[in-house]
Each structure stands twice: as structure tokens, then as C-alpha cells.
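> What follows is a structure written as C-alpha cells; I'll ask about it next.
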Amino acid sequence: MIAQFILSILLAGVLVYAWSEYARSPAIAVLAVLIAIAGLYFVWMPEHSTQLAELVGIGRGVDLILYIWVCLSLIVVLNLHLKLRTQMELITVLARKIALADAARGAPSSNDPVLPRASGDPAYQ
């Protein structure tokens, strides 16, 4: 019974977070709400998860929930990896463009001594 209350509080936290993130990412928020509601349902009706597990050929309901959790976690990790990789590629492209623009302008490199510039100097901006 204590575990049900703790899990319910955690899943309620997921619901609150999903609600607060709806404006930023509606698809993820709706998915999180659905998962949290399903989680709350199975926390309070564990016999239904066992029935569902037996229906799909898994022995226990907790095993089914664990398998689903692992799959969802792998999807989230893959999604984060792909987003991070995309950002790193974008940073690389931007750094190259900045380096080429600085070279074309004749801007001093990091090895050159830093000289104070006047505020009217176009290279200063």
C-alpha cells in the first residue's frame, strides 16, 4: 500500500510536468499524460496488468510493465542522442562559418596579441 502511494505521487508529478510542458511540446506532453494515466491505472489495478500480460504471452504483469519501461527508456535515450548529435553538427557548422568569416575579414587569430580597439572600428563589432 505504501508503494502504491509513492508511485502515485511520482506519476502525479509526471502529470504536472507534462501539463506545464504542453505549450512547448504538445506531442510529448500528451504522450507523458497517457503513460502516467496508464501507470496510475496499473498501480491501483495490478491484477489488470497481469491479465494483459497473460493475453500477450508474458507470465506476470510486472514483467510486462518492465519490458514496456525498458523499450520507452531506449526510445528516449535514442531521441536524446539524435538531438545532441544534431546540435553538435550545427555547432561545428557555425564554428566553421565564424572561422571563415574572421579569416576573410582579417580578424586577429587567438595567437595574435590582443590590442585595444576603438569603438568605431568595424572589426570591433
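Residue by residue, here is whether (1) farther than 30 Å from residue 8 by Cβ; (2) loosely packed, with under 10 Cβ neighbours inside 10 Å; (3) at pLDDT 90 or above holds:
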position	(1), (2), (3)
26	no, no, yes
36	no, no, yes
39	no, no, yes
51	no, no, yes
54	no, no, yes
98	yes, no, yes
101	yes, no, yes
120	yes, yes, no
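> Collect the residues in segment 9-24 that are surrounded by 15 or more Cβ atoms within 10 Å (Cβ to Cβ) and either more than 18 Å from the chain's Cα centre (by Cα) or within 19 Å of residue 75 (Cα to Cα) (or both), keeping them in residue-number order.
14, 18, listed by residue number.
> Scan segment 15-36 for residues that are among the β-branched types (Val, Ile, Thr) and in contact (Cβ under 8 Å) with a residue 24 or more places away in the chain and report the count.
So the count comes out to 1.
The values are calculated or read from the model by the stated rules, or taken from the named source; none is laboratory data. The model shown is predicted, which means the values in this text are computed figures rather than measured ones. Cβ sites come from the backbone with ideal geometry, for glycine too, and all protein chains shown count toward neighbours.
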